[in-house]
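Data block below; observations after.
Since every read-out is calculated from the coordinates, none of them should be taken as a lab result. Source: prediction; values computed, not measured. Backbone-built Cβ (ideal geometry, glycine too); neighbour counts: all protein chains shown.
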Amino acid sequence: MNDIHGGNISGRKILYDFSANLNPLGMPESVKKAAVSAISGSDRYPDPYCRELIGKLSRYEDLPAENIVCGNGADDLIYRTIHALSPKNALIAAPTFSEYGKALSEAGCVIGEYPPEHICEAPSDSTDMIILCNPNNPTGRLYDRESLKILCEKCIETGAVFLCDECFIDLCGNAETRSVRPFMNKNVIILKAFTKTYAMAGLRLGYALFGNTELAGRVRGSGQFWSVSVPAQAAGTAALDEKEYLKSAVSLISDERGYLAGMLAAHGFDVIPSDANFILFRCGIPLDELLLEKGILIRNCSNYSGLEQGWFRIAVRTHAENEVLAAAIDEITNKR
C-alpha cells in the first residue's frame with residue numbers, strides 16, 4: 001500500500017518507522033510531563049487564543065503576539081490560511097507536500113506547478129499565493145537566500161501572499177541563515193510546527209508567523225474556535241525551553257544523515273543531497289515492500305507530483321535504528 005503520508009503505523013506490525021520525519025530524539029521528558037499534567041485541566045475548554053503559549057512564542061520568535069496564530073498542527077493552518085484568503089491562482093513547487101495542492105483544490109483555486117529551481121521566475125500579476133516548503137519535502141533541500149529574497153520582493157510587487165512552510169528548518173544545522181525570516185514583509189507568512197521539531201505528532205500543534213496583523217486576524221478567525229487542546233498548549237509552552245535538546249538533535253541529524261546517505265550511495269542508489277532530517281533516493285527494486293516484510297516502514301514517494309515509481313524517502317533516526325535499516329538493506333540487496 002502506498003500511503004498518502006508517512007507515519008501510518010496503526011494496525012500494522014511496524015518495528016521501525018522511517019516514514020515519518022520527526023525529531024529522532026523523541027518527545028522531551030519535560031514536554032511529556034507538561035502534557036500529562038494538563039490532562040487534569042482538560043475538563044474545561046482550552047483557551048481559544050492560546051494566550052500563554054503565544055506570549056512565550058512572541059518572545060521566542062521576537063514578533064508581536066498579534067502576528068502569531070496557533071493551530072491544530074501545521075496542516076490545520078494550511079487549510080485555515082487558504083480558506084481565509086481564498087486565492088484564485090496559486091503557485092507551488094513540484095514535487096512537494098501534497099496538502100498544499102489538496103487545500104488549494106478544495107478552495108477552487110487554479111494551481112500552477114513549477115520545479116523548485118524555477119519558482120522565482122513564475123509569479124505574475126494574476127498570482128494570489130505562492131507556497132514553498134523550506135527545506136522542501138520530499139527533497140530535503142533548502143532554498144538559497146537570494147531566491148527567497150526575490151520571491152518576497154515579487155510578492156510585494158504582485159500583491160501575492162507568500163506562504164513559506166519552515167516546519168523542518170529548526171532541525172537543519174544552518175536554519176538561521178537559510179530562513180525567509182530576514183526578508184519577511186507584509187505579504188509573508190511563515191509556517192512552523194512543534195510536530196517535527198519536538199516529536200509531538202500525536203499532540204498536534206503548529207503556528208504561523210505573519211508580517212501583517214490584518215492577515216493574521218483573518219486566519220485566526222477562520223476554522224474551528226478551539227483549535228488547540230489544553231495538553232497541546234501546555235506541551236508547546238514547555239517545549240520552547242528545550243534549547244539544549246534541539247542543539248543535540250541538530251548534531252545527531254547531521255551525523256546520521258551523512259551515514260545514511262553514504263550507505264544508500266554504496267548500494268548504487270541515486271541519492272538526493274539533503275539539508276533536512278530526511279533523505280530522498282531512487283532505486284530499481286520495490287524497497288518499501290521488501291523492508292515492510294521485515295517490519296520497517298519507509299515512504300514510497302511515487303504519489304508526489306513530478307516523481308514516479310522507484311522514489312523513496314527515509315527519515316533520519318538514531319544510529320542504532322539506522323544500523324538496523326542498513327543491515328536490512330544489505331540483506332535485501334545481497335539476496336538479489
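Worth pointing out:
- For the chain, with +1 on Lys and Arg beta carbons and -1 on Asp and Glu, the positive-most of M200, L291, A38 along the dipole: A38
- The charge dipole of the range 29-239, taken about the Cα centre with unit charges on the Cβ atoms of Lys, Arg (+1) and Asp, Glu (-1), comes to about 540 debye, rounded to the nearest 20.
- Rounded to the nearest 20 debye, dipole of the range 259-336 from Cβ charges on Lys, Arg, Asp, Glu: 40 debye
- Between N303 and E113, the simple label model (points 7 Å from Cα in the Cβ direction) yields a spacing of 1.4 nm.
- In this label model, S126 and T177 are separated by 4.0 nm, measuring between points 7 Å along each Cα→Cβ vector.
- Selection from A93, A265, H83 lying farthest towards where the dipole of the chain points positive, charges on Cβ: H83
- Only beta bridges with both residues in the range 29-239 are counted; by DSSP, about 35 percent of them are antiparallel.
- Think of it this way: in the chain, C109, C120, C133, C152, C155, C164, C167, C172, C283, C301 stand alone, with no other Cys Cβ under 4.7 Å.
- Take each peptide in 87-97, 238-248, 186-196, count the other Cβ atoms within 10 Å of every residue, and average; sorted highest first, the result is 186-196, 87-97, 238-248.
- Each part gets one Cα centre, and for the range 252-292 versus the range 36-98 those centres are 32 Å apart.
- Residue with peak Gaussian network fluctuation, the chain [Cα springs, cutoff 10 Å], from N67, N174, N185: N174
- Computed [θ] at 222 nm, helices only, for the chain once each DSSP H run of length n ≥ 4 contributes -39500 (n - 2.57): -11500 deg cm²/dmol
- Multiplying the residue separation of E29 and D330 by 0.36 nm and subtracting their alpha-carbon distance yields 104.9 nm.
- For the range 273-287, the residues whose amide N sits under 20 Å from a probe point set 7 Å from the Cα of A266 along the beta carbon direction are 273-274, 278-285, 287.
- Under a Gaussian network description of the chain, with springs only between Cα atoms under 10 Å, the residue in L148, L15, L63 that fluctuates furthest is L15.
- Residues I14 and S254, FRET efficiency given R0 of 30 Å [Cβ-Cβ distance, rounded to 0.05]: 0.70
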